[in-house]
Amino acid sequence: MSNLSLPQAAAGNGGFEPRIVAFFCNWCTYTASDLAGISRMTYAPNTRVIRVMCSGRIEPQLILAALRKGADGVLIGGCHPGDCHYQVGNYKCLRRFKLLKRYFEQMGIEPERVRLEWIAASEGDKVQKVTNEMVEQVRKLGPLNLAEAPKPHHQAAACAVAAEGAVS
Amino acid sequence: MSSLQIQVRIKHQEELDPDFANSIAALPGGENLSRCIQCGTCSSTCPVSLYMDYTPRRIIAMTRAGFKQEVLASNTIWLCASCYECTVDCPREIKVTDIMYALKRRAMEEKVYPKRFPTPVLAKEFFKSVLKTGRSNEGLTVTWMILKTAPLNMLKQMGLGLKLLLRGRMALGVEKMEGDPTQIRRLMEQVEVEEKKTH
Amino acid sequence: MFMENKASDGEQPRVGVYVCYCGMNIASKVDVEALRQFAEKLPNVVVSRTYKFMCSDPGQELIAQDIKEQKLNRIVVASCSPLLHDATFRKACAKAGLNPFYFTMANIREQVSWVTANSAAATKKAKALVAAAVARVAMHEALEKKRVPVHADVMVVGAGISGIHAALLLANAGKKVYLVEREPSIGGHMGQLDKTFPTLDCSACILTPKMSEVKNHPNITLWTLSDVQEVSGFSGNFKVKVKRNPRFVKLELCVACGQCVEACVFKEGRVPDEYNIGLSKHKPIYMPFPQATPASVLIDPNACLKLSRGKCASKCVEACDRAAIDFEQKVEYSEVEVGAIILATGYQLFDATKMPEYGYGKYPNVYTMIELERLVNAAGPTQGEIVMRDGRKPKRVGIIHCVGSRDKRHHPYCSGVCCMVSLKMAHLMRERIDAEVFNFYIDMRTTLKGYEEFYDRVLHDGVNFVRGRVAEVTDWAMTPGEEGKLVIRVEDTLIGVVRRIPVDMVVLATAMEAHDDADDVRRKFNISCSKEGWFLERHPKLAPVSTFSDGIFLAGVCQGPKDIPESVAQAGAAAAEALSLVDKGFVEIEPNSAWIDADTCSGCKTCIPLCPYHAISRDEQKKVAVVNEALCKGCGTCVGACPSGSAQQKLFTDQQLHQEIEGVLNYV
Amino acid sequence: MRYLYYPGCSLKGTGKAYDESLVAVFDKLGMDAKELPGWNCCGATAYMSVDETKAFALAARNLALAEQENGSDPIHLIAPCAACYLVLNKVQKYMAEYGHLREVIANSLKAVGLNYHGTVKVRHPLDVFVNDIGLDKIKAAVSHPLKGLKVASYYGCQVVRPYAEFDDQYNPQTMDQLMNALGADAVDWPLKTRCCGGTLTGTVEEAGLRMSYILLKEASKRGANIMATACPLCQFNLECYQGKMRGTFGDSIDLPVAFFTQIMGRAFGLEAKRIGLQRLFVPVKAAPAMA
């Protein structure tokens, strides 16, 4: 397909293929990614989708765990504001996400390695677009080396984010 | 001897150019070529289609099907006045005007435009003038064009030229841009270098 | 960490992995044999197989047999989306005696083979997803689905032909139905049409009996001038709050005699009549249309002097010998409980002024199709006489198809019905006034039963067909024959020549589009919309009237453009779905609720305000949080926020998710 | 708001009166819009047919130059010529839309010491007059209301297509509003945006002539006694060939065609020479209030 610019190993970065863990909510983004499939929209093969019922379930520990276990980036997909199947789970997710990004900077991880997107059930094309963009973005950043043993202050930070983000 | 004039009108697949459509669709503005549903809005909205040998809709269909020779030799692409009416009205968001430009350029590259047809010459004259001075001088360019394509017309156009001169609407000399006009030439050369790099 | 993991219930996991070819859907991209071999070597995997179609009976049998013979206690199927076949395979497990929640799916079709260009990359991605499923399933526990009784009543929102049909079916099946309509009468768009294609039945003649059946049905509660305000609860047990606007006329007393309308201090109509698309005007007190149901007048509070200014001789009150007029009526709210909801909210028509090239609103003799429907109707503003706004009768009429449809600047979709509507109207114009008719179409779509035959008939009627999309309608005359006419400029694409055709009347077959407030409505009901604003069905083929919210079903055009027979058929399907839900008597709830480990809970109360369902409270004695399972809907927001990891969610425990993360990353 | 003025080549030649009248009107309205230093040809229409990328690069050079003048506010670059307006806008859009093109142009500009970040806003004077300055201020500047002047506002193609975000593409109103504000009557006519054939008159004369003739005829038929244009090529075409049209079509076409800025200048009481009235072929004196 000519109009789908498949991000292939670009120049530089020695053919680095980023590994991206994606957490998609069941009702909107996971459904949208199924729709992308049904519509045969080809996109970069670098994401690994993990389904959760609601983006509100995503906690910083999960994101950090993914990065520690070898992911180069994490993508989170939830329902658009006002559309959450569980009313407000996506807002909780957003709140945590913003805080987490700040901690990321302090930890020396590029905040661009995590991305939160609102993707409705009908937006199969957005799954395609966002995935491709995310892969390109992380490809530019290069591999993340967090694979060593978990640093205690990371854990603490994650807990702090979870707790602070919880305040609604 | 009077007889019915007949002509063979059949197209064999091997006479068509299978890459033609893709080469046009790959250019900026060509991306929606394949999405045409042949509704004819472009033709009916076109103020010049009454003169065209193929209406714009047919040019799109023929381009898509690979009728390269016919498309590039058509008068349609040269009659396009770039008014963008088709581009704005197309329900499939096909940038017909851009496609017409692409076809004109292709015809010039392949040197298959009507003999002594002034538009390609005019375009090249503009180009030269800009390279030299950074600006285009319509009067001089048009004069050159007439001389090159239809010298006899020169006499017919003299009156108009004179009137323009008298009213200060045509300069004989060329007004140059401020600053360094060689920057233009260097810029144009660099575009060629960059284009080669990315292809 | 992964290797040592024992199943949470202490038993050593014995996993069976089943890789589906899905015909060539998966196998053409993913090397399923390599995937099978890869799976075989994963920890805990006892058996790994491939099969052409895992969802087929023999496919399911394969699993059942292995469960019995190989003593499998965990099953992974790598095939399509769990949203499609989770239930199928859970059932297969249960049939073989395994708790169905010892099962999980790896989606290697929608997430892999259908979206990946490169075969090697697809296989690699599929391996990662299978590894994750194998890792996760080891952590699964035996769970039970909870059964909740359902409420037997049903609500139908919108009372056009779809809503009417669905409501009648349910009511006839003995269900109590609340039918909610925001207009003063039921009937919808169908009530405005003159004739229906392809049989040319009179629309009112076939609709009116159904409308009065609604009115008289003991099982139907009809609320007109009403809107749904709030929906809470879930499948089987919805609570719906309905706002009921005042009619200022007592329904039970009014007999629609019309004395009040006669008596109104306004001698002429002053409010553009919605039913006649503004082609006529009605008084502040009016009957929506002769067959309106309920058969009652109503008062427009903005136009009525008494209601807007408080001052009027109120001749209407004097005229009504049944004392039905009541200026004191107020907005009322009703709250009802229903087991299922059918949305049949219909559509609106594309605003033709958005395409100024067709001159609607600028040239008086440019009409929309629905305006013409009213104009040709015997009960319409001209009693069926076809005269234009300038008082002339059209001799030549141009009908333009696809106005706002198949147009990426407006609606990319085909509205489906306009070709047939345009053919019907062309026929009527020939028959009624012997006008010369031109139809301008891009592609003629006459696909259903009897439609092509109708096209043939209209061709024979002598209607002119020009294949081409009209570029513009102007009053610009280039020839004497064009003077004083509307000129249609179009390429006759079958000839390849641009034509200018002067006509007296232009008719625009405008697109069907989602209501402006469709987005607000879908939010109220917690369902999704497609890009174009139509309510989104659960599956385009296999669940076309269901939504992603269980217990909420769709009927008619609110789901996408349809004609009358299709709308009625879909309304029937929606009624059947609702019936099968409420008649079953109970719903099963996915066991994905949250729980809190009382041993580790610090009692910080972080989770309590987060729960949108107020399902978490604090046990003041033990000083810990407690989840009320009956209220929990299983979003997991509390789990995500718990600082001590004490809150967990069934089917999505931390452990399960961490295993899944490790699985996708560490084995490929 | 910071304005710069990009006249383009035509306004230094056949459209000199447009340049003169625009500058005079700016001056009268107290607008500061100096000429973009070092500007070059925009690369318009004909150029596009030789090498599109080069044409875009030429246009982009002007935008880069304008951006250099950037103080704290982004530059609004006023391009009165329809073709310039279109090409400058088009390069903005296409650089955003097509990554490859953006890269080639950015690299080429860099090689000659220029940079463009996309901050310049390309504006047509009609847009500036109606939406920035406002009709009230323009009304206040009118000293000679154009009573009895019936104007057919002619927008032509490239001012409104495909990039005019400031007006309706099918039925533009800004020039009509402006004319009404000057005390003239804007005539409602259906061909406001129909192409004049300007690019064809030099090459396929028959086609170009007929297209212009159709416009002039319809405007006259609708009662116009002057036509206002916003493009040098339209003005040239519609005005300078009227003699030829009379010969070709045997019709007594005789309609003054002026730049809308000249009509503004007249209403502001500016001296005829300052707004280039003497440069017109068809004298405007015949039109009411224009003498």
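Which of the residues belonging to the range C:375-412 are within 18 Å of C:R430 (Cα to Cα) and either within 14 Å of another protein chain (Cβ to nearest Cβ) or touching a Ser or Thr at 6+ places or on another chain (Cβ under 7 Å) (or both)?
Residues satisfying the conditions are C:L375, C:G398, C:I399, C:I400, C:H401.
D:A219 - would you say it is farther than 28 Å from C:E482 by Cα and over 15 Å from the mean Cα position of the chain (by Cα)?
No; evaluated as a whole, the condition is false for this residue.
Can you name every residue in the range C:619-644 that is in contact with a helix residue (DSSP H, G or I) (Cβ under 7 Å, 6 or more places away or on another chain) and either part of a helix (DSSP H, G or I) or facing another protein chain (nearest Cβ under 8 Å) (or both)?
Of everything in the range C:619-644, those that are in contact with a helix residue (DSSP H, G or I) (Cβ under 7 Å, 6 or more places away or on another chain) and either part of a helix (DSSP H, G or I) or facing another protein chain (nearest Cβ under 8 Å) (or both) turn out to be C:C635, C:G636, C:T637, C:C638, C:V639, C:G640, C:A641, C:C642, C:P643.
Say whether the condition of being farther than 30 Å from C:K622 by Cα and either under 16 Å from the mean Cα position of the chain (by Cα) or part of a helix (DSSP H, G or I) (or both) is met by at least one residue in the range C:584-594.
yes
What is the one condition in (1) in contact with an Asp or Glu (Cβ under 6 Å, 6 or more places away or on another chain); (2) free of Cβ contacts under 8 Å to residues at least 24 places away in the same chain; (3) assigned to a loop (DSSP other than H, G, I, E, B) that B:I6 does not satisfy?
With respect to (1) in contact with an Asp or Glu (Cβ under 6 Å, 6 or more places away or on another chain); (2) free of Cβ contacts under 8 Å to residues at least 24 places away in the same chain; (3) assigned to a loop (DSSP other than H, G, I, E, B), B:I6 is out only on (1).
Quick one: is C:R469 surrounded by fewer than 18 Cβ atoms within 10 Å (Cβ to Cβ) and either closer than 30 Å to C:E566 by Cα or more than 14 Å from chain B (Cβ to nearest Cβ) (or both)?
No; evaluated as a whole, the condition is false for this residue.
Of everything in the range C:155-186 that's among the charged types (D, E, K, R) and surrounded by fewer than 24 Cβ atoms within 10 Å (Cβ to Cβ), which residue is farthest from C:P246 (Cα to Cα)?
Here the answer is C:K175.
Conditions (1) surrounded by fewer than 16 Cβ atoms within 10 Å (Cβ to Cβ); (2) assigned to a strand (DSSP E or B); (3) not assigned by TED's automatic domain parsing to the domain that holds C:C312, marked per residue:
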{"position": "C:E213", "(1), (2), (3)": "no, no, yes"}
{"position": "C:P218", "(1), (2), (3)": "yes, no, yes"}
{"position": "C:L222", "(1), (2), (3)": "no, yes, yes"}
{"position": "C:D227", "(1), (2), (3)": "no, yes, yes"}
{"position": "C:E230", "(1), (2), (3)": "yes, yes, yes"}
{"position": "C:G233", "(1), (2), (3)": "yes, yes, yes"}
{"position": "C:V240", "(1), (2), (3)": "no, yes, yes"}
{"position": "C:L253", "(1), (2), (3)": "yes, no, yes"}
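Would you confirm whether or not the range D:30-37 contains a residue that is touching a residue at least 40 places away in the same chain (Cβ under 8 Å), more than 10 Å from chain B (Cβ to nearest Cβ) and out of contact with any Pro (no Cβ under 7 Å at 6 or more places or on another chain)?
Yes, the conditions are met somewhere in the range D:30-37.
Just need a number here: residues in the range C:274-306 that are surrounded by fewer than 17 Cβ atoms within 10 Å (Cβ to Cβ) and aliphatic (A, V, I, L, M).
Looking only at that region, the number is 1.
Can you tell me which residue in the range D:73-85 is surrounded by the most Cβ atoms within 10 Å (Cβ to Cβ), limited to those that are more than 14 Å from chain B (Cβ to nearest Cβ) and out of contact with any helix residue (DSSP H, G or I) (no Cβ under 6 Å at 6 or more places or on another chain)?
D:H76
Can you find, within the range B:33-50, the residue that is nearest to the chain's Cα centre (by Cα) among those that are of a type in the set (G, A, S) and at the interface with chain C (Cβ under 7 Å from one of its Cβ atoms)?
Top of the filtered list is B:S49.
Yes or no, residue by residue, for (1) under 30 Å from D:H100 (Cα atoms); (2) of a type in the set (F, W, Y); (3) modelled with pLDDT of 95 or more:
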site: B:E14; (1), (2), (3): no, no, no
site: B:A21; (1), (2), (3): yes, no, yes
site: B:A25; (1), (2), (3): yes, no, yes
site: B:G40; (1), (2), (3): no, no, yes
site: B:S43; (1), (2), (3): no, no, yes
site: B:P47; (1), (2), (3): no, no, yes
site: B:F67; (1), (2), (3): yes, yes, yes
site: B:N75; (1), (2), (3): no, no, no
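Just checking, how many residues over the range C:600-618 are more than 40 Å from the chain's Cα centre (by Cα), more than 9 Å from chain A (Cβ to nearest Cβ) and touching a residue at least 24 places away in the same chain (Cβ under 8 Å)?
3
Can you tell me which residue in the range C:359-368 is nearest to the other protein chains (Cβ to nearest Cβ), limited to those that are under 19 Å from C:I501 (Cβ atoms) and under 31 Å from the mean Cα position of the chain (by Cα)?
The qualifying residue nearest to the other protein chains (Cβ to nearest Cβ) is C:Y360.
Quick check on the range C:584-599: of everything there that is surrounded by 15 or more Cβ atoms within 10 Å (Cβ to Cβ) and over 16 Å from A:I58 (Cα atoms), which residue is nearest to the other protein chains (Cβ to nearest Cβ)?
The qualifying residue nearest to the other protein chains (Cβ to nearest Cβ) is C:E590.
Only one of these is closer than 29 Å to D:Y6 by Cα, of a type in the set (V, I, T) and in contact with an Asp or Glu (Cβ under 6 Å, 6 or more places away or on another chain): D:T193, D:T229, D:T174. Name it.
Just a single option satisfies the conditions, and that option is D:T174.
Name the one entry in C:L129, C:L98, C:L83 that is assigned to a helix (DSSP H, G or I) and at pLDDT 95 or above.
Testing whether each residue is assigned to a helix (DSSP H, G or I) and at pLDDT 95 or above leaves just C:L129.
What is the number of the single condition among (1) within 17 Å of the chain's Cα centre (by Cα); (2) more than 23 Å from D:L135 (Cα to Cα); (3) outside any loop (DSSP other than H, G, I, E, B) that D:M211 does not meet?
Unmet condition: (1).
Please go through (1) of a type in the set (G, A, S); (2) on the phi > 0 side of the Ramachandran plot; (3) free of Cβ contacts under 8 Å to residues at least 60 places away in the same chain for C:G556 and return the number of the only condition it doesn't satisfy.
The one condition C:G556 does not meet is (3).
Which of the following residues is at positive phi and either modelled with pLDDT under 90 or within 14 Å of the chain's Cα centre (by Cα) (or both): D:G38, D:G13, D:G30, D:G43?
It is D:G43.
Within the range D:169-205, which residues are more than 8 Å from every other protein chain (Cβ to nearest Cβ), farther than 11 Å from D:Y154 by Cα and of a type outside the set (S, T, N, Q)?
D:L178, D:M179, D:A181, D:L182, D:G183, D:A184, D:D185, D:E205
Find the residue count for the range D:147-191, including only residues that are surrounded by fewer than 24 Cβ atoms within 10 Å (Cβ to Cβ) and assigned to a loop (DSSP other than H, G, I, E, B).
20
Matching residues to (1) within 19 Å of D:D127 (Cα to Cα); (2) in the same structural domain as D:V87 (by TED's automatic domain parsing); (3) charged (D, E, K, R):
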position: D:Y154; (1), (2), (3): yes, no, no
position: D:D167; (1), (2), (3): yes, no, yes
position: D:N171; (1), (2), (3): yes, no, no
position: D:L182; (1), (2), (3): yes, no, no
position: D:A186; (1), (2), (3): yes, no, no
position: D:E205; (1), (2), (3): no, no, yes
position: D:C231; (1), (2), (3): yes, no, no
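Quick grid of which residues meet (1) in contact (Cβ under 8 Å) with a residue 12 or more places away in the chain; (2) over 22 Å from the mean Cα position of the chain (by Cα); (3) within 10 Å of another protein chain (Cβ to nearest Cβ); (4) assigned to a loop (DSSP other than H, G, I, E, B):
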{"site": "D:R61", "(1), (2), (3), (4)": "yes, no, yes, no"}
{"site": "D:G71", "(1), (2), (3), (4)": "yes, yes, no, yes"}
{"site": "D:K90", "(1), (2), (3), (4)": "yes, no, yes, no"}
{"site": "D:A106", "(1), (2), (3), (4)": "no, yes, yes, no"}
{"site": "D:N131", "(1), (2), (3), (4)": "yes, no, no, no"}
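The values are calculated or read from the model by the stated rules, or taken from the named source; none is laboratory data. From a predicted model like this one, the values you see are computed outputs, not experimental measurements. Here the Cβ is made from the backbone with ideal geometry for all residues, glycine too, and neighbour counts use every protein chain on show.
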